Amino acid sequence: MPPHTIRQSCIHLVLFLPAILCGPAVAQTAETPRLDAQALIRQHGFRAADVGFLLFDPADGRIVAEHRADTPFIPASVAKVPSAVGALALLGPGWRFTTRLLATGPVQGGVLAGDLVLKGGGDPTLDTGGLTDLARALAAQGIRGITGRFLYDASDLPVLPEIEPEQPYGAGYNTGVSALTVNFNRAQVTWTRRNGVVAAQTWTVSDKGRLPIDGVTLHAVPRPGTLAPAAVPAGGVESWQVGFPATGDKGAFWMPVRRADAVTAGLFHRIAGMNGITLPPPRPGTAPAAARPLAQRDSPPLATVAAGVLRYSNNLSAELIGLAAARRLGPSPATTLPQAAGTLAGWLKAQAPGTDWSGFTLANFSGLTVRSRVTPRQMAAILRIGGEPFYPLLPGEDEGKPTPGARAKSGTMAYVKGLAGVLSTAGGQRLGFVLFIADEGQRQAMDRTAGRDVPAMPPEARAWLDRARMLQAALLAHWVDGPEAPLEETRKIP
């Protein structure tokens with residue numbers, strides 16, 4: 001998970017051209033797995049059943065090497081590849097998210113005679129600076145107050161308290177989802193202890209600095225390391241039970257924002273006041289059709305946003321671009337992430353009808369779930385749907401470390417590791433590849449015993465991931481080096 005302050009709009013890459021919506025399926029061929037790959041799997045302490053991969057020519061779909069390529073695996077964040085491919089094709093690389101300020105009445109003598117509505121468009125890049133720009137646009141029009149209500153409208157998308165209900169409550173990557181979001185829906189908690197009493201403050205953080213979040217309450221509980229939602233007091237936005245460390249005088253940690261729409265509106269209320277605009281407390285509402293625009297803030301182009309999602313793997317951003325794509329397909333807005341992701345999955349299947357899509361499931365757009373499944377062959381087909389314009393958007397790193405010779409999207413969860421993209425061999429050949437490593441038995445055992453109020457990953461899962469990373473690096477280096485012997489002749493799968 002990237003630092004909250006990293007801008008996802010800093011990448012400027014080639015635009016995606018949606019000219020390959022009907023890209024061919026990956027050719028259905030089979031081959032005895034190469035001995036060297038099998039030896040590497042054993043050398044790193046994995047069973048053959050734990051690993052699936054497919055090495056292929058992205059131009060014609062010819063299979064170069066494969067192992068358990070038709071076995072469904074948990075994709076983790078590799079699931080962001082189908083989300084990005086679908087969004088770019090359906091919306092276009094230049095499409096932008098828009099956040100608007102709307103008015104229900106005229107401005108007279110510096111006062112808006114009516115309601116002011118902050119309407120969200122699902123912009124994953126909206127930050128403190130963007131809200132400040134909106135407030136300054138109001139001030140530039142001479143507006144200093146309103147006679148009506150200050151409403152916030154998040155009706156374009158479902159309002160959800162978290163991405164995945166089976167993940168830890170307090171994980172900073174498991175945030176709320178809404179058409180109104182700010183600073184990636186993460187909050188920083190700073191705390192101090194004096195005479196045995198802990199005092200804490202919750203902040204929203206961006207490149208512009210940090211501001212306190214209004215309406216969030218924290219309740220100390222005697223279980224260090226725990227974090228769970230609590231009942232919201234009257235007039236509050238959200239509330240948490242926090243197990244602060246048993247020792248120390250001060251500290252800080254990150255936590256998710258569950259009521260993103262209310263927190264975003266509260267932050268704009270504060271920023272408006274800092275710019276000389278007096279507003280009443282924010283209330284939820286829906287903008288009337290006749291409301292007129294006062295100001296708007298547009299995101300960077302979708303190609304830039306998608307490149308940021310693929311590089312930094314921000315879960316919220318992936319969910320928002322996926323929801324935007326699903327809205328383009330669906331006759332009515334989806335109310336859940338599985339429903340919306342299923343809509344996009346159906347579209348992807350239609351683009352490669354020659355692919356066997358058995359077992360293919362997208363439970364959300366970020367991969368933050370153990371319920372999604374995809375085979376290496378299916379993910380290879382999705383890469384080919386994206387095609388040449390998509391490959392440059394893939395990062396040349398995994399978890400912040402370079403992937404020499406490759407551009408790929410990684411995925412990491414406890415007992416799950418994946419990587420999918422394109423590579424250049426030492427001989428100058430470009431190949432596509434998909435690699436999944438997983439131990440579903442250990443993952444299921446962990447899920448049966450892990451409490452949702454403890455965000456930390458168990459040490460044994462971290463040790464497994466260390467081995468998986470080493471195997472991934474070894475296989476990738478082996479493929480980049482190129483084959484040591486001629487490959488056996490391939491044959492078609494019936």
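The values are calculated or read from the model by the stated rules, or taken from the named source; none is laboratory data. If you're wondering where the values come from, they're calculated on a predicted model, not measured in any experiment. As a convention, Cβ positions derive from the backbone with ideal geometry for all residues, glycine included, and neighbour counts pool all protein chains shown. Just so you know, the surface numbers come from the protein's heavy atoms only, side chains and all, with ligands and any DNA or RNA stripped out. Shrake-Rupley method; radii C 1.70, N 1.55, O 1.52, S 1.80 Å.
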- request: On a 0 to 90° scale, report how tilted helix 337-351 is relative to the longest principal axis of the chain, with both axes built from alpha carbons and the result rounded to the nearest 10.
  value: 40 degrees
query: Given a cut-off of under 8 Å on Cα pairs at least six residues apart, what relative contact order in percent is computed for the stretch 401-486?
result: 31 percent
- line: Applied in sequence order to the stretch 150-166, the curve 6.51 cos²θ - 1.76 cosθ + 1.60 (Karplus, θ = phi - 60°) yields integer Hz couplings, x standing for Gly and Pro, of 9, 10, 10, 10, 10, 6, 5, 9, x, 9, 10, x, 6, 6, 10, x, 9
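With a 1.4 Å probe and all protein chains in place, put HIS219, HIS44 in order of accessible area, largest first.
Result, largest first: HIS219, HIS44.
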query: Residue by residue through the stretch 404-416, which ³J(HN,Hα) values in whole Hz follow from phi under the Karplus form 6.51 cos²θ - 1.76 cosθ + 1.60 (θ = phi - 60°), with glycine and proline marked x?
result: x, x, 9, 10, 7, 9, 9, x, 9, 9, 4, 6, 9
- request: Rounded, prolate or oblate: pick one for the stretch 366-450, where a ≥ b ≥ c are the square roots of the eigenvalues of its C-alpha gyration tensor, a/c under 1.5 means rounded, and failing that, prolate if a/b is larger than b/c, else oblate.
  value: prolate
- request: Sort the following peptides by mean Cβ neighbour count (other Cβ atoms within 10 Å, averaged over residues), highest first: 202-211, 101-110.
  value: 202-211, 101-110
Net +/- balance of residues flanking ASP133 in space, Cβ distance below 11 Å, scoring K and R +1, D and E -1: +1
- prompt: Around ASP127, which amide H atoms from residues at least 5 apart in sequence, or from another chain, sit under 5 Å from its own amide H, with H modelled in the peptide plane?
  reply: ASN183
- prompt: What part of the accessible area of the chain, given as a whole %, is carbon or sulfur when the probe is 1.4 angstrom?
  reply: 54 percent
query: How much net charge surrounds ILE143 when only other residues with a Cβ under 14 Å from its Cβ are counted (Lys, Arg +1; Asp, Glu -1)?
result: +2
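Using a 1.4 angstrom probe on the protein heavy atoms only, line up TRP95, TRP240 by accessible area, largest first.
Working: TRP95 70, TRP240 0 Å².
Ranked from most to least accessible, the order is TRP95, TRP240.
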Dipole-positive endmost among ALA139, PHE433, ALA231 within the chain (Cβ charges, Cα centre): ALA139
task: Can you tell me the relative contact order of the chain? Whole percent, Cα pairs under 8 Å, sequence separation 6 or more.
output: 25 percent
task: Assign one of three labels to the stretch 62-125, namely rounded, prolate or oblate, based on the Cα gyration tensor with a ≥ b ≥ c the square roots of its eigenvalues; rounded applies when a/c is under 1.5, prolate when it is not and a/b is larger than b/c, and oblate otherwise.
output: prolate
query: Measuring with a 1.4 Å probe in the full set of protein chains, what accessible area per residue, in whole Å², belongs to the stretch 351-494?
result: 41 Å²
- line: For the chain, longest principal axis from Cα atoms; helix 302-312 axis from its Cα atoms; angle between them, nearest 10 degrees, is 70 degrees
Relative contact order (%) - the stretch 170-293, alpha-carbon pairs under 8 angstrom, separation at least six: 28 percent
task: Eight or more residues apart or on different chains, and alpha-carbon atoms under 14 Å: count the Lys pairs in the chain matching that.
output: 4
message: Using only the heavy atoms of the protein chains and a 1.4 Å probe, how would ASP481, ASP398 rank by accessible area, largest first?
response: ASP481, ASP398
- prompt: Once you list every other residue whose beta carbon is under 12 Å from the beta carbon of THR361, what net charge do they have if Lys and Arg are +1 and Asp and Glu are -1?
  reply: +3
- line: With x for Gly and Pro, the residue-by-residue ³J(HN,Hα) of the stretch 137-145, computed from phi through the Karplus equation 6.51 cos²θ - 1.76 cosθ + 1.60 at θ = phi - 60° and given in whole Hz, is 5, 5, 4, 5, 8, x, 7, 10, x
- prompt: If you line up the long axis of helix 376-390 against the longest principal axis of the chain, both from Cα atoms, how many degrees apart are they, to the nearest 10?
  reply: 60 degrees
